[in-house]
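Every number here is computed from the coordinates shown, using simple stated rules; none is lab data. Everything numeric here is computed off the predicted structure, so don't read it as measured data. Here Cβ is always computed from backbone atoms with ideal geometry, including for glycine, and neighbour counts include all displayed protein chains.
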Amino acid sequence: MADATRIPEMRITIFAVAVTMAFTSCIAARAAQPDDADVIKVVNEYLADMNQGAADTFVRLCSPQTIIIDDFPPHTWQGPTACMDWLTAFAAYDAKAGITPRAVTIGKPWRVSVNGENAYVVVPATYTYTKGKKKVTEANSVWTLALRKGPDGWRIAGWAWGQR
């Protein structure tokens, strides 16, 4: 039979070992997850290319199955040419509406969720442009993106724009 004075010491030791194991497994689990920064880097690069009209690099960041939903007609684009088709439609829509120059900026992500080879990002967004001689700011929009990681890294699998 164990000495009665040693029972509290054993409980403390067991508790300390259990806490250490739990803490270590939490750190290991977090370390095993892909880095959120890699996903945000692709979103920022995609946005910069979009704002500059850099079609070649913009399209390179899209997956072949990309789906885009936006607030101007025809509102949806999908498939291997979705990003280029959207960029062309966006430029045509803005030209017809007399919108120049234009820029989208994003704020600190509200949500970044990376699960293996899939990622989900939600960011606040602002669209600024000049229409005629008037500067317009459309604030409080939401840009939601889904990304998929493949052999070439993270690629945009789809996104939707929501204007308030």
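Dipole size in debye (nearest 20) for region 109-164 around its Cα centre, Lys and Arg Cβ +1, Asp and Glu Cβ -1? Walk me through the intermediate numbers first.
Numbers: 9 positive and 3 negative charges, 80 e Å.
So the magnitude is around 380 debye.
Once the other residues with Cβ under 15 Å from the Cβ of P73 are scored (Lys, Arg +1; Asp, Glu -1), what is the net sum?
Working: positive: K96; negative: D70, D71, D85, D94.
Local net charge: -3.
Once each part is reduced to its C-alpha centroid, what is the distance from region 103-126 to region 62-92 in angstrom?
19
Excluding Q163 itself, calculate the net charge of residues whose Cβ lies under 12 Å from the Cβ of Q163, where each Lys or Arg counts +1 and each Asp or Glu counts -1. Intermediate results must be reported in sequence, preceding the final value.
On the way: positive: R164; negative: D70, D71, E138.
Once positives and negatives cancel, what remains is -2.
Taking K and R as +1 and D and E as -1, what net charge do the other residues with C-beta under 15 Å from the C-beta of W110 add up to?
On the way: positive: K108, R111, R164; negative: D36.
In short, +2.
Can you work out the Karplus-derived ³J(HN,Hα) for every residue in region 110-127? Use 6.51 cos²θ - 1.76 cosθ + 1.60 with θ = phi - 60°, whole Hz, and x for glycine or proline.
Karplus-based 3J(HN,Hα) across region 110-127 equals 7, 8, 9, 10, 10, 10, x, 9, 10, 9, 9, 10, 10, 10, x, 9, 10, 10 Hz.
Students often get this wrong, so check it: of K96/K135; K108/K133; K96/K134, which have C-alpha atoms separated by over 22 Å?
Details: K96/K135 17 Å; K108/K133 30 Å; K96/K134 16 Å.
Over 22 Å apart, Cα to Cα: K108/K133.
For each of Y129, Y120, Y46, count neighbouring Cβ atoms within 10 Å of the residue's Cβ, then give the residues from fewest to most. The partial results should precede the final answer.
Numbers: Y129 18, Y120 15, Y46 23.
Going from sparsest to densest Cβ surroundings: Y120, Y129, Y46.
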